[in-house]
Amino acid sequence: MTAVRHDRIVLDPAILEGKPVIRGTRLSVEFVIGLLADGWSEADIAGNYPGVGHDDVLACLAYARAAGRETCLPPPQEAEGT
């Protein structure tokens, strides 16, 4: 996979074992995307994690989109009995 770069997202082996995080925090891109997937709004995230703003959330989305372009996943399997 080629490196995905964004000025608000950093990868540091000393922080969360090198997972991509929002610069100046220990909040991983994966965590923020998970919050959004669970129905949290940008305002919910900002209210619970001071210092995380609109541009940080957009950076997480952009990073995830770019990383997704680099990943090829198999199609989902249908559940048995459906």
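The values are calculated or read from the model by the stated rules, or taken from the named source; none is laboratory data. Note that this is a predicted model, so its numbers are computed, not measured. Backbone-built Cβ (ideal geometry, glycine too); neighbour counts: all protein chains shown.
Observations on the structure shown:
- Filter pass, Ala14 being in a loop (DSSP other than H, G, I, E, B) and of a type in the set (A, V, I, L, M): yes
- All positions within the stretch 46-77 that are at pLDDT 90 or above, hydrophobic (A, V, I, L, M, F, W, C) and assigned to a helix (DSSP H, G or I): Ala46, Val57, Leu58, Ala59, Cys60, Leu61, Ala62, Ala64
- Leading residue by the ranking (surrounded by the fewest Cβ atoms within 10 Å (Cβ to Cβ)) among those in the stretch 3-46 that are over 16 Å from Ala67 (Cα atoms) and β-branched (Val, Ile, Thr): Ile15
- Out of Tyr63, Tyr49, one residue alone is over 14 Å from the mean Cα position of the chain (by Cα) and either surrounded by 16 or more Cβ atoms within 10 Å (Cβ to Cβ) or closer than 14 Å to His6 by Cβ (or both). It is Tyr49.
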